[in-house]
Amino acid sequence: MAISLYEELNSYLKNSEYWYEEYWYEEGSGKVSEILSKFTQEDWNNLIKEIFNKSVDYQEKIAYCMNDIDNKNELEFLIYMTKNAKDSIVFENCLDSLIEFVTPETKFRFLSDDQLIILITGGIRKETIEGNGRNKIYKTIYEQFFEKLNNK
């Protein structure tokens, strides 16, 4: 019996926290993006169901690899992760990846999602992010997101 792409992704990322950073950026992220591009709806459903049972490292890597702006599943998954992230770095990675998804076609999708806009503008996340000294990084990501959204 063939394994699903979701299972292939899990197997590939199983020990990814031990990879050298250079390997991740040169090889690993491309492989993960390739696997994600072939996901079936069932694979997406499994990833959505299990993502927050995975390590923060796994979640960060998945968010980083969401870069196919033509893939609606990636967009919806990133929005889901952004809205539900428990870790501020995962949240920042999701928002950073979402910047690429801001297009004239998706602008309304973002602007009509009140919960997402409140989270991005710091409504709930502000205390968490200020508490860990990463406020400048978040502010830059936040500014880039809204600059791109306002220019579309």
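We did not get these values from a lab; they are worked out from the coordinates using the rules stated. Computed from a predicted structure; not experimentally measured. Cβ: placed from backbone, ideal geometry, glycine included. Neighbour counts: every protein chain shown.
For the chain, what is the calculated [θ] at 222 nm in deg cm²/dmol (nearest 500), taking -39500 (n - 2.57) for each run of four or more DSSP H residues and dividing by its residue count?
Value at 222 nm, helices only: -19000 deg cm²/dmol.
Can you list which of the trypsin sites (Lys or Arg not before Pro) found in segment 53-124 are DSSP loop residues with at most 13 other C-beta atoms within 10 Å?
Passing both the DSSP loop test and the Cβ count: Lys86.
Sort out for me the Cα centre separation of segment 85-101 from segment 1-33, rounded to whole Å.
19
Using the structure shown, list the pairs from Lys31/Lys54; Lys31/Lys72; Lys54/Lys83; Lys31/Lys148 with a Cα-Cα distance above 26 Å, or answer none.
The answer is Lys31/Lys148.
Straight-line reach only, C-alpha to C-alpha below 18 angstrom: list the aspartates and glutamates that Lys86 could link to, leaving out same-chain residues fewer than 8 apart.
Filter leaves Glu50, Asp57, Glu60, Glu76, Asp96, Glu127, Glu130.
Among the chymotrypsin sites (Phe, Trp or Tyr not before Pro) in segment 1-103, which ones are in a DSSP loop with at most 13 other Cβ atoms within 10 Å of the Cβ? Mind listing them?
Passing both the DSSP loop test and the Cβ count: Tyr20.
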